[in-house]
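J.: Dumping the structure here so I can ask a few things about it.
The values are calculated or read from the model by the stated rules, or taken from the named source; none is laboratory data. Owing to the predicted nature of the structure, the values given are computational and were not obtained by experimental measurement. Virtual Cβ from ideal backbone geometry, glycine too; neighbours counted across all protein chains shown.
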Amino acid sequence: MAKDYIIDIQHLSKSFGDKKVLDDINFYIRRGEFITLLGPSGCGKTTLLRQIAGFIAPDEGKILLEGKDISGIPPYERPLNTVFQRYALFPHLDVYDNIAFGLKLQKVPPKEIEVRVKKMLKMVSMTDYEDRSVDSLSGGQQQRVAIARALVNYPKVLLLDEPLAALDLKMRKDMQLELKEIHRKMGITFIYVTHDQEEALTLSDTIVVMNEGKIQQIGTPMDIYNEPVNCFVADFIGESNILKGRMIRDRRVAFIKHEFDCVDEGFGEDVPVDVVVRPEDIYFTKDPAKCQFKATVNSCIFKGVHYEMWVDTDTGYELMIQDYDPYEVGTEVMLYIDPDDIQVMHKERTRNVLEATVVDSNHVSMLGAEWECEVPEDASAGDVFTAEIPFEKVDLLDHQEDGKLSGEVHFLLYKGDHYHLTILTDEGDRLWVDTNDIWDKGDLVGIDIPPEGIKLIRK
Amino acid sequence: MKANKLFAQLYLWALLLLMYAPIVIIAIFSFTEAKVLGNWTGFSLNLYKNLFSGSVHSSLFSAIKNTLSIGILSALFSTALGSIAAVGIYNLRGFKKRAVVFMNDIPMLNPDIITGIALFLLFVAAGLTQGYLTVLLAHISFCTPYVVLSVMPKLKQMNPNVYEAALDLGAKPHQALLRVILPQIRPGMISGFILSFTLSIDDFAVTLFTKGNQGLETLSTFIYADARKGGLTPELRPLMTVVFLVVLALLVIINFRTLKTKQQ
């Protein structure tokens, strides 16, 4: 089966200093596929692309191209070509010589070079520009030349590093369609890096969602959008209501203090889960028989194609709804959600689990600090316990110096009635916190945990 | 308001006059035959004729020859060395880069006399016979940092991905350097060459300490010796005028080049 894979990446890892940029990356790419590496800046997607191109050597792992490991081969011997984010055209050469650069190095006969360059110029709609200097071209035109310069060598795989990031919105949309068309015509495998989820959904056959050096989910755009596997993917791709829920039994889930039919099975009975409902999947109804819950509209904004409304449910949760028809603020509305549109996800964690070392009869040391808590009587100093801390028991303080630890808000999710935050401590540990207070990403906070919040469990 | 402006103008002209007066005086007196500078014995081009017809003594001629050949050779070598160094420095990161850039700056700020004595001691310690070679080596060593300084900005302006783009398109590292990096830093290399050439012609202190006692003279050391022997040879007046004009022309070229790249 492996024959179908043009690229197969196995256990790839890379660190820059102490920072692990890529952590055991595994995936394969089918021949002719348009695959997108998608993630926020700093997620490792560009590092991964540069390793495939050969500009960075991996610390561990293999990159197989048609079954052969290429991780030790220099970039100039890899049959791959790259389109760079800022084009990287050669300013001292004109358009023709830029595109012919690779062919001249390969000592292709001049006649053939001319034929191939002209063909490429036509493909990117730049015929008649061959004698122009590249500095006289617009951003969009430079990018076309960069694409032609890479494709003229007929690479086995074309790597594109955020190629449209520097263009304005309108131009970007046009170029997306053109790229898709070029991909279809050439039949070459494209690996595309972007942080723009809409671009990824538009262009790709397959999307690889990455965060913090790890692959979060691999799937078709439809899969990724409709069935995100975790809160990060649900939040990063499109708008979503992410809510705390409980799986009652197969095909029955409770959230926002109501019960709903769903299509998910195999989670077990009475299991805590996360639930994602897209804002366009909550419907208004006038029929009391269809109504699953009631809510009051508290804001309504026109967004062009649709209206975006925030409603307060009768049980005290806030939900986002997108609909073509507006409802006035203050209106009481009846709502329902189709079983198909409820996406149930395993909870990644239900509490903080840390390692704690006993210091004395009522203190433990963990996260690089000492904490007061109830220590079992039979424990002696030096014993190592597992400490469990519920999300809501961690206190966040405005001033870093007021807390026992200090840290930074790293990631946050609104869950309908509270925020779920990921806090990165100064020592690099992670704590997850549920809070009703409003924080922003990057806020510096003090961290405190009251004695009753720490529960020690013998290992 | 008007008075202020007038004063500013006067000040500027007075300053320029003060700065250029010595050269202007030499230039004026190069058009008369008087043996002593300051005596005007009527307009004459004879000094220029003597200078170019070769009727001045041969030691002046060999000094001119040495000056020019050392100038060109040291400019060539330091341009090559400095450009390679600049590429190396450009690829360094963080502390190492700052340290090397700092070390590159010191020789430029160092007084010539110190550089001269230091090189003199080095050559003695190395057992090199002082002469043409040591002067050339000394000139290369003090010109190279200036080449680094004029090539670095060109590298910084370059899109950092172009080298990778060349590798990506199949160029081996040396091909990428020659076909992509070199064309882009060429203006900086030419500026560096011209600068090195003028610095070399101009140098006195370092040359004096490294020329040894085998009778090697460059223009600057010859003039110095000549002046001490009892008055300047009159033919030096037109020579200095010519040298000044040549250096002026080179500086104008350098400035036009920087202006042109800024406009781009």
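J.: Being under 16 Å from the mean Cα position of the chain (by Cα), part of a helix (DSSP H, G or I) and within 30 Å of residue A:16 (Cβ to Cβ), is that true of even one residue in the range A:220-229?
T.: For the range A:220-229, residues under 16 Å from the mean Cα position of the chain (by Cα), part of a helix (DSSP H, G or I) and within 30 Å of residue A:16 (Cβ to Cβ): present.
J.: How many of the residues making up the range A:103-128 are in contact with an Asp or Glu (Cβ under 9 Å, 6 or more places away or on another chain) and within 14 Å of chain B (Cβ to nearest Cβ)?
T.: Of the residues in that region, 3 qualify.
J.: When you scan the range A:141-156, do you find a residue that is in contact with a helix residue (DSSP H, G or I) (Cβ under 7 Å, 6 or more places away or on another chain) and of a type in the set (Phe, Trp, Tyr), even just one?
T.: no
J.: Go through (1) within 30 Å of residue A:11 (Cβ to Cβ); (2) part of a helix (DSSP H, G or I) one by one and return the number of the condition residue A:274 breaks.
T.: In the conditions (1) within 30 Å of residue A:11 (Cβ to Cβ); (2) part of a helix (DSSP H, G or I), residue A:274 misses (2) alone.
J.: Now for a different question. Only one residue in A:51, A:106 is closer than 21 Å to residue B:175 by Cβ and among the polar types (S, T, N, Q), so which one is that? Write out each step before concluding.
T.: Working: A:51 fails: closer than 21 Å to residue B:175 by Cβ.
So the residue among A:51, A:106 that is closer than 21 Å to residue B:175 by Cβ and among the polar types (S, T, N, Q) is A:106.
J.: Which condition breaks for residue A:192 when tested against (1) farther than 30 Å from residue A:179 by Cβ; (2) of a type in the set (Phe, Trp, Tyr); (3) part of a strand (DSSP E or B)?
T.: The failed condition is (1).
J.: It is to be established whether one or more residues within the range A:199-209 are surrounded by 22 or more Cβ atoms within 10 Å (Cβ to Cβ), under 12 Å from the mean Cα position of the chain (by Cα) and among the hydroxyl-bearing types (Ser, Thr, Tyr).
T.: No, the range A:199-209 has no match at all.
J.: So which pairs qualify, if the first residue must be in the range B:74-97 and within 30 Å of residue B:207 (Cα to Cα), the second must be among the aromatic types (Phe, Trp, Tyr), the Cβ gap must be under 6 Å, and the two must be at least 6 apart or on different chains?
T.: B:75/B:193; B:75/B:197; B:79/B:193
J.: Sticking with this structure for a sec: Would you mind telling me which numbered condition in (1) at negative phi; (2) at pLDDT below 90 residue A:331 fails?
T.: It is condition (2) that residue A:331 fails.
J.: Given the conditions (1) more than 16 Å from residue B:166 (Cα to Cα); (2) within 14 Å of another protein chain (Cβ to nearest Cβ); (3) surrounded by 18 or more Cβ atoms within 10 Å (Cβ to Cβ), which single one is not true for residue A:100?
T.: (1) is the only condition that residue A:100 fails.
J.: Let me ask something else about it. Would you say residue A:457 is part of a strand (DSSP E or B) and under 29 Å from residue A:257 (Cβ atoms)?
T.: Details: part of a strand (DSSP E or B): yes; under 29 Å from residue A:257 (Cβ atoms): no.
Answer is no for this residue.
J.: Kindly provide the set of residues from the range A:51-82 that are at the interface with chain B (Cβ under 9 Å from one of its Cβ atoms) and surrounded by 18 or more Cβ atoms within 10 Å (Cβ to Cβ), ordered by number.
T.: Our first condition is that a residue be at the interface with chain B (Cβ under 9 Å from one of its Cβ atoms); within the range A:51-82, this holds for A:53-55, A:74-78, A:80-82.
The answer is A:53, A:54, A:75, A:76, A:78, A:80, A:81, A:82.
J.: Which residues, taken from the range A:29-77, are of a type in the set (A, V, I, L, M, F, W, C), assigned to a strand (DSSP E or B) and closer than 12 Å to residue A:191 by Cβ?
T.: A:29, A:34, A:35, A:37, A:38, A:63, A:65
J.: Name the single residue, out of those in the range A:141-169 being under 21 Å from residue A:36 (Cα atoms) and surrounded by fewer than 20 Cβ atoms within 10 Å (Cβ to Cβ), that is farthest from the other protein chains (Cβ to nearest Cβ).
T.: A:169
J.: Can you list the strands (runs of 3 or more DSSP E) found entirely within the range A:378-435 that contain at least 2 residues being more than 23 Å from residue A:458 (Cβ to Cβ) and touching a residue at least 12 places away in the same chain (Cβ under 8 Å)?
T.: Strands (runs of 3 or more DSSP E) meeting the threshold: A:395-397, A:405-414, A:419-425, A:430-435.
J.: If a residue has to be assigned to a loop (DSSP other than H, G, I, E, B), without any contact (Cβ under 8 Å) to a residue 40 or more places away in the chain and exposed (fewer than 14 other Cβ atoms within 10 Å of the Cβ) to count, how many in the range B:113-136 make the cut?
T.: So the count comes out to 1.
J.: Is it true that residue A:69 is in contact with a strand residue (DSSP E or B) (Cβ under 9 Å, 6 or more places away or on another chain), free of Cβ contacts under 8 Å to residues at least 12 places away in the same chain and either at negative phi or not hydrophobic (A, V, I, L, M, F, W, C) (or both)?
T.: So residue A:69 fits the description; yes.
J.: Right, another one. Being in contact with an Asp or Glu (Cβ under 7 Å, 6 or more places away or on another chain) and either free of Cβ contacts under 8 Å to residues at least 60 places away in the same chain or over 19 Å from residue B:149 (Cα atoms) (or both) narrows it down to one residue among B:205, B:227, B:249; which is it?
T.: Details: B:227 fails: in contact with an Asp or Glu (Cβ under 7 Å, 6 or more places away or on another chain); B:249 fails: in contact with an Asp or Glu (Cβ under 7 Å, 6 or more places away or on another chain).
Just one listed residue meets the conditions, B:205.
J.: Still on this structure: For the range A:343-364, what are the residues that are outside any loop (DSSP other than H, G, I, E, B), exposed (fewer than 14 other Cβ atoms within 10 Å of the Cβ) and in contact with a strand residue (DSSP E or B) (Cβ under 7 Å, 6 or more places away or on another chain)?
T.: As a first pass, look at the range A:343-364 and keep what is outside any loop (DSSP other than H, G, I, E, B): A:343-346, A:352-360, A:363-364.
If we keep only those that are exposed (fewer than 14 other Cβ atoms within 10 Å of the Cβ) as well, we get A:346, A:353, A:355, A:360.
A:346, A:353, A:355, listed by residue number.
J.: Something else now. Taking the condition of being of a type in the set (A, V, I, L, M) and not in a helix (DSSP H, G or I), how many residues in the range B:92-107 meet it? Steps first, answer last, please.
T.: Looking only at the range B:92-107, we keep the residues that are of a type in the set (A, V, I, L, M), and these are B:92, B:99-101, B:103, B:106.
Filter once more, so that each one left must be not in a helix (DSSP H, G or I): B:92.
Residues that pass the stated criteria total 1.
Yes/no per residue for (1) over 27 Å from residue A:30 (Cβ atoms); (2) assigned to a helix (DSSP H, G or I); (3) touching a residue at least 12 places away in the same chain (Cβ under 8 Å):
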| residue | (1), (2), (3) |
| --- | --- |
| A:98 | yes, yes, yes |
| A:112 | yes, yes, no |
| A:147 | no, yes, yes |
| A:150 | no, yes, yes |
| A:155 | no, no, yes |
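J.: If the requirement is being basic (Lys, Arg), out of contact with any strand residue (DSSP E or B) (no Cβ under 9 Å at 6 or more places or on another chain) and more than 14 Å from chain A (Cβ to nearest Cβ), which of these qualifies: B:93, B:98?
T.: Only one candidate qualifies: B:98.
J.: Run residue A:28 past the list (1) without any contact (Cβ under 8 Å) to a residue 40 or more places away in the chain; (2) within 14 Å of chain B (Cβ to nearest Cβ); (3) surrounded by 14 or more Cβ atoms within 10 Å (Cβ to Cβ); (4) in contact with a strand residue (DSSP E or B) (Cβ under 9 Å, 6 or more places away or on another chain) and report the number of the one that doesn't hold.
T.: Answer for residue A:28: the failing condition is (2).
J.: Let me ask something else. Pick from the range A:1-22 the residues that are in contact (Cβ under 8 Å) with a residue 60 or more places away in the chain and surrounded by fewer than 16 Cβ atoms within 10 Å (Cβ to Cβ): which of them is nearest to the chain's Cα centre (by Cα)?
T.: A:2
J.: Does the range A:19-27 include one or more residues that are among the acidic types (Asp, Glu), modelled with pLDDT under 95 and closer than 30 Å to residue A:132 by Cβ?
T.: no
J.: Where residues in the range B:139-173 are among the charged types (D, E, K, R) and within 13 Å of another protein chain (Cβ to nearest Cβ), which of them is surrounded by the most Cβ atoms within 10 Å (Cβ to Cβ)?
T.: B:168
J.: Hey, which of the helices (runs of 4 or more DSSP H) in the range B:187-264, taking only ones fully inside, have at least 1 residues that are touching a Lys or Arg at 6+ places or on another chain (Cβ under 7 Å)?
T.: B:219-228
J.: Among the residues of the range B:124-154, what is the count of those that are more than 22 Å from residue B:80 (Cβ to Cβ) and of a type outside the set (A, V, I, L, M)?
T.: Of the residues in the range B:124-154, 4 are more than 22 Å from residue B:80 (Cβ to Cβ) and of a type outside the set (A, V, I, L, M).
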